[in-house]
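Participant: Just passing along the structure, written as C-alpha cells.
The values are calculated or read from the model by the stated rules, or taken from the named source; none is laboratory data. Bear in mind the structure is a predicted one, so any value in this text is a computation, not a measurement. Cβ atoms come from the backbone with ideal geometry, glycine included; neighbour counts cover every protein chain shown.
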Amino acid sequence: MRYHFVITAEPAPAFCRMACLWAWSLRRHAGALANSRISVVFNDRTDPDTEKWLRRLPDVTVLARPRLSHDHKELNKYSALWAPDLEKADYVILTDCDVVCTDRLDELDILMADAEFGGISDGPISATHRSYKPSICRYALMLQELSGLSPEEVCVHRHEAFTAHPPYTDFPYFNGGVLVIGGRRLSEFRALVVELSRRIYQQVHRDQTHPLRLMRRAWNTLWVRCPGGKRFMIGWHVRRKRFADQVAVFPAVLKLRLPYRVLPHEFNWRYRDMVRPEETPRLIHYYKSALGIPPPRILQEDWIPAYRMSGDVGRRALANVVGEFLQQHPECPHRAEP
C-alpha cells in the first residue's frame, strides 16, 4: 500500500516545533510506512527555517496555501488535503500537528482492507453520561439531514463502540486528530467535508446571533445534560461552532457512501483509560487535556524524566520518542520558546 501523510501548520514557532517532531517520528518509527511521502502545508506562508529543516528529510514536500477560513480556524486543517499528488496514494493520513508516531503502523494495511475511510472514536472511556459534555446531540437527525439518507439507512450505521461508551452518539463520531482517507475518493471527500463544516459552523453561528434561533439554542442547551432530555430538543444541536470541522466528518462519509472502519485507539492515543491491555500507542495525540503537556512545550526537556517513570504507557512512549529526537536534533528550529 502507498501512504501519504499530511498536516497543516501555522508559520509560528509552536507549530514549527510540532511539525518537525511529527515528520521525524514518522520516518523513525512508522515501520513499513516510514518511507511514505510526507507533506506539510503551511497556512498563507511557510517558515523558512522550518522548511529548510524539513526538506533535509527524504521525500518531504513543504508548501503554503491560502487558509480556508479566518473565522473557523479549525477548518484550516483540511488545507493539507490539497497537497500535490495525494490522489496517487492508496491512503492519505491526515493528522493534527500535535501527533507523534511512537511505534510501527504496518497493521493499517489489514485494518483498512477494502475501506475508503478510517477514524478513531472521540470520547474518553472514563466519562459517564452525567459528566460527559457531548459535542453533538440528536446526531441521527443531523446525519439524515446532511447525508440525505433515510432514517432506516442511517440506522444501519449504529455502532456499539458509540452507544455504551463516550461520545454516546450511537453512530460513529470520530476525533479529527487522525483520519485515514482513500486516495481514490479524496477529492470528493475534501470538497464535501469543507462544505459541510462551513454549513454547520454557519448554522451554529446564526443560532448564537439571531434572536429566535438563540431562544431555540438556549432551550436545547437546557436539555442537553438532563437524562432523556434529547426528546424535548428542537432539531440537532452542536455545543460549540468550533467543533464543526469534526462533526462534519461522518456525515460526509455517509453521503459519499464510503466503506469505513472504526480504528483502534492506539492509532490516535489520547487517554490512558481508553486502551485495552494488548494495545500499544502508535500515534499519540498529545494535546494538553489528554497527556498534560501544552503542545508549545513539547520540545522542552523538563517534563521528560517524570513521564519516563510514569505508569501511563502513552506518557512513557511520548517521553522516549521526544527525548530521542532532542538527542539527535538539537539544531531543530524554534526548539526553545521565545
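Participant: Across segment 35-67, which residue is farthest from GLU87 (Cα to Cα) among those that are among the hydrophobic types (A, V, I, L, M, F, W, C) and under 20 Å from the mean Cα position of the chain (by Cα)?
Facilitator: Of everything passing the filter in segment 35-67, PHE42 is farthest from GLU87 (Cα to Cα).
Conditions tested, residue by residue: (1) in contact (Cβ under 8 Å) with a residue 60 or more places away in the chain; (2) more than 18 Å from LEU26 (Cα to Cα); (3) buried (at least 18 other Cβ atoms within 10 Å of the Cβ).
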| site | (1), (2), (3) |
| --- | --- |
| GLY235 | yes, yes, no |
| GLN246 | yes, yes, yes |
| PRO259 | yes, yes, no |
| LEU283 | yes, no, yes |
| MET309 | no, yes, no |
| CYS332 | yes, no, yes |
| ALA336 | no, yes, no |
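Participant: Same structure, new question: Would a scan of segment 151-167 turn up a residue that is closer than 25 Å to GLU87 by Cβ and either assigned to a loop (DSSP other than H, G, I, E, B) or over 15 Å from the mean Cα position of the chain (by Cα) (or both)?
Facilitator: No, the conditions are met nowhere in segment 151-167.
Matching residues to (1) under 19 Å from TYR287 (Cβ atoms); (2) touching a residue at least 40 places away in the same chain (Cβ under 8 Å); (3) surrounded by 16 or more Cβ atoms within 10 Å (Cβ to Cβ):
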residue	(1), (2), (3)
GLU74	yes, yes, yes
VAL99	yes, yes, yes
GLY118	no, yes, yes
ARG138	no, yes, yes
HIS159	no, yes, no
PRO166	yes, yes, yes
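Participant: Does any residue of segment 271-281 turn out to be under 13 Å from the mean Cα position of the chain (by Cα) and either at pLDDT below 90 or surrounded by fewer than 16 Cβ atoms within 10 Å (Cβ to Cβ) (or both)?
Facilitator: no
Participant: Which members of segment 306-338 meet the condition of being in contact with a strand residue (DSSP E or B) (Cβ under 8 Å, 6 or more places away or on another chain) and under 16 Å from ALA23 (Cα atoms)?
Facilitator: LEU318, VAL321, VAL322
Participant: Looking at segment 19-37, which of its residues are in contact with a strand residue (DSSP E or B) (Cβ under 6 Å, 6 or more places away or on another chain) and among the basic types (Lys, Arg)?
Facilitator: Answer for segment 19-37, where residues must be in contact with a strand residue (DSSP E or B) (Cβ under 6 Å, 6 or more places away or on another chain) and among the basic types (Lys, Arg): just ARG37.
Participant: Quick check on my filter: what residues within segment 241-267 are in a loop (DSSP other than H, G, I, E, B) and modelled with pLDDT of 95 or more?
Facilitator: Within segment 241-267, ALA248, LEU256, ARG257, LEU258, PRO259, LEU263 meet the criteria.
Participant: Residues that are more than 17 Å from the chain's Cα centre (by Cα), closer than 21 Å to TYR91 by Cβ and of a type in the set (Asp, Glu): does segment 169-179 have at least one?
Facilitator: no
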